[in-house]
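Before any comments, here is the structure.
The values are calculated or read from the model by the stated rules, or taken from the named source; none is laboratory data. Not measured: the values here are computed from a predicted model. Cβ: placed from backbone, ideal geometry, glycine included. Neighbour counts: every protein chain shown.
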Amino acid sequence: MISVEKFIVNPFMLNTLLLYDESNECVIIDPGFSNQNERAKFLQFLSNTSLKPVGLINTHCHVDHILGNRFISEQFGLKIMANEHENSNLGIADATADIYGLPKPQSPSIEVFLNDGDNVSFGNSVLQVLFTPGHTAGGISLYSEKDKIVVAGDLLFQGSIGRTDFPGGNYNTLIESVLNKIFVLPDDTKVYPGHGNETTVGEEKRFNPFFNE
């Protein structure tokens, strides 16, 4: 069974997620650690729980989601996994960090390209990759049918959706991604967004104003 630990990090209040199971293997999704305190808190949790990181995944590569990529990659010898369309965002991340007064992420390149229908395994668990562009050109979500959870990045929030005014964003594409990839999941599937509180597929189908106009 997958357990989820959430770390709210950096000035953008990003949800960095740690998914693990009874094997003690874990994957780190969107490491946004921006300072030593955030990194130390994360390492302390790993130490206390004896977890072993075996995967590093970016749902997309906006700067707030990758600030800790280099730290995690070097600390645990992990390759960056993301959709190849996110290379463009990775390429401008350091310049974007300057605009927002953030430390330059200096992220390693994406080495493992994730596409729709791929599986990412850790321990006794499997995450299915859903290609969900719209917020960015290469956005992905990660779904566990067994555990009824989906990690949606900045695609879908509680009562809202991700911005589409950044390079590579497209409103109609985002809406289609939600309708065709997220809203087809069981209503009791728990949605873990990149920012804010968790929600469920059923709650968003019923109450999200972007889909109930």
Taking the criterion of being touching a His at 6+ places or on another chain (Cβ under 9 Å), surrounded by fewer than 21 Cβ atoms within 10 Å (Cβ to Cβ) and not β-branched (Val, Ile, Thr), would at least one residue in the stretch 134-148 satisfy it? yes
Could we say that residue 37 is surrounded by 24 or more Cβ atoms within 10 Å (Cβ to Cβ) and modelled with pLDDT of 95 or more here? no
One residue from 209, 167, 186 being surrounded by fewer than 12 Cβ atoms within 10 Å (Cβ to Cβ), closer than 13 Å to residue 148 by Cβ and out of contact with any Pro (no Cβ under 7 Å at 6 or more places or on another chain): 186
Examine the stretch 62-72 for a residue that is touching a residue at least 60 places away in the same chain (Cβ under 8 Å), crowded, with 20+ Cβ neighbours inside 10 Å and within 21 Å of residue 115 (Cα to Cα), and state whether such a residue exists. yes
Note on the stretch 58-95: residues over 23 Å from residue 150 (Cα atoms) and of a type in the set (Gly, Ala, Ser) are 73, 77, 88, 91, 93, 95
The conditions are (1) in contact with a Ser or Thr (Cβ under 7 Å, 6 or more places away or on another chain); (2) within 30 Å of residue 182 (Cβ to Cβ), and residue 85 fails exactly one of them. Which is it? (1)
